[in-house]
There are 2 protein chains.
Amino acid sequence: MKAKVHVTLKTGVLDPQGKAVQHALHSLGFAEVGEVRQGKFIELETGESDPTKARAAVEEMCKKLLANPVIENYSIEVEG
Amino acid sequence: MKAKVHVTLKTGVLDPQGKAVQHALHSLGFAEVGEVRQGKFIELETGESDPTKARAAVEEMCKKLLANPVIENYSIEVEG
């Protein structure tokens, strides 16, 4: 069973990478672009066949490795 | 008008970052985890009020800066 994970910085946490992208877009002529925030998108094969177990496993992976819960939020989608 | 962009490596392109995550998950005891692919997730304020124009602008940004069309795919969602 596959899972998709979005890891994004919490609101209020500075995002220098997003700022760099914003400045680059301005330099390229996209003057009207406002705030840019960059996060991670992870697709993985959980190896579980039960959706509840798969979600629990991915939740655990997020806490232990994929996200830093101090500064990042994560959301998990398990695919049928 | 906000837009969300997913940038992922094309199928067949090696993903060393994903492989590293996969190995780390194995080391942490998630032995059943299969392929892991890592991409980017970008949220931005386009500054456009028309959805068609917003999408066209983001498409242009993807081609010029956000994605490398040689090895990466991108998908755009414009939010109402």
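The values are calculated or read from the model by the stated rules, or taken from the named source; none is laboratory data. Keep in mind it's a predicted model, so treat the numbers as computed, not measured. Cβ: placed from backbone, ideal geometry, glycine included. Neighbour counts: every protein chain shown. Surface areas here come from the heavy atoms of the whole protein model, side chains and all, with no ligands, DNA or RNA. Shrake-Rupley method; radii C 1.70, N 1.55, O 1.52, S 1.80 Å.
Remarks
- Computed helical MRE - 222 nm, the protein assembly as shown, DSSP H runs ≥ 4 contributing -39500 (n - 2.57), nearest 500: -9000 deg cm²/dmol
- Of B:ALA56, B:ALA24, B:ALA67, the residue with the greatest mean-square motion in the GNM of chain B, using alpha carbon springs below 10 Å, is B:ALA24.
- Whether the protein assembly as shown is rounded, prolate or oblate, judged on the alpha carbon gyration tensor where a/c under 1.5 counts as rounded: prolate
- If you sort the three axes of the alpha carbon gyration tensor as a ≥ b ≥ c, you get a/c of 1.5 or more for chain A and a/b above b/c, which makes it prolate.
- Plainly put, the tip 7 Å out from Cα toward Cβ on A:SER49 is 5.5 nm from that tip on each other copy, the closest given first.
- Label geometry 7 Å along the beta-carbon vector: A:ALA31 inter-copy distances in nm: 6.1
- Other residues whose C-beta falls under 13 angstrom from the C-beta of A:HIS23 contribute a net charge of -1, scoring Lys and Arg +1 and Asp and Glu -1.
- Calculated FRET efficiency for the pair B:ALA31/A:GLU35, C-beta based, R₀ 45 Å, to 0.05: 0.65
- Carbon/sulfur fraction of accessible area - chain A, other protein chains in place, 1.4 Å, %: 54
- Here A:LYS63 is the anchor, and the aspartates and glutamates within straight C-alpha reach of less than 14 Å, apart from those fewer than 8 places off in the same chain, are A:GLU72.
- Computed about the Cα centre, the dipole magnitude for region B:2-78 is approximately 160 debye when only Lys and Arg (+1) and Asp and Glu (-1) carry charge, each at its Cβ.
- Chain A residue with Cβ closest to the axis mapping A onto B, distance in whole Å: A:PHE41, 2
- Per the accessible-area calculation with a 1.4 Å probe, the total area buried between chain A and chain B rounds to 2500 Å².
- Complex-versus-alone comparison for region B:2-25, residues with a loss of 10 Å² or more in accessible area, probe 1.4 Å: B:HIS6, B:THR8, B:VAL21, B:ALA24, B:LEU25
- Part-to-part distance (alpha-carbon centres) for region A:18-80 and region B:1-33, which is given in Å: 11
- Nearest 10 degrees, 0 to 90: helix A:16-27 Cα axis against chain A principal axis: 40
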